[in-house]
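Undergrad: I'd like to ask you about the structure that follows.
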Amino acid sequence: MGKKNWLFMGSETTGQRAAIIFTMVECAKRQGHDPEVWLADVLDRLPAMTNRDDLSVLLPCRWQPAAAPAARTAEACPA
């Protein structure tokens, strides 16, 4: 069934990109976040990022909504 679903993905790189996005969405679910809210917030904040060090705050295990203060400390998150 999976082979038929992914048959017209486009190219190999497109499939890899989709797999990365799906993995991140599943990680957000496991952290107890609404994946739609998490992804929308990440996509809104990404263009303003200036260096790679800032990206770690967007990981599902460290993410805090932009409107909420970052008072909660990050749980165990592999760096």
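FYI, it's all coordinate maths here, none of it is from the lab. What you are looking at is a predicted structure, and each value in this text was computed from that prediction instead of being measured. Every residue, glycine among them, receives a Cβ derived from its backbone with ideal geometry; neighbour counts consider all protein chains shown.
Undergrad: How much length would be gained if the chain were fully extended between S11 and T23, taking 0.36 nm per residue of separation minus their Cα-Cα distance, in nm to one decimal?
TA: Going from the current span to full extension adds 2.5 nm.
Undergrad: Decide, for the stretch 10-58, between rounded, prolate and oblate: order the square roots of the alpha carbon gyration tensor eigenvalues as a ≥ b ≥ c, take rounded if a/c falls under 1.5, and otherwise choose prolate if a/b is larger than b/c, else oblate. Please report the intermediate quantities before stating the final value.
TA: Numbers: a/c = 2.01, a/b = 1.17, b/c = 1.72.
In terms of gyration-tensor shape, oblate.
Undergrad: OK, next. Compare the peptides 41-51, 56-66, 18-28 by average per-residue count of other Cβ atoms within 10 angstrom and give them in order, highest first.
TA: 56-66, 18-28, 41-51
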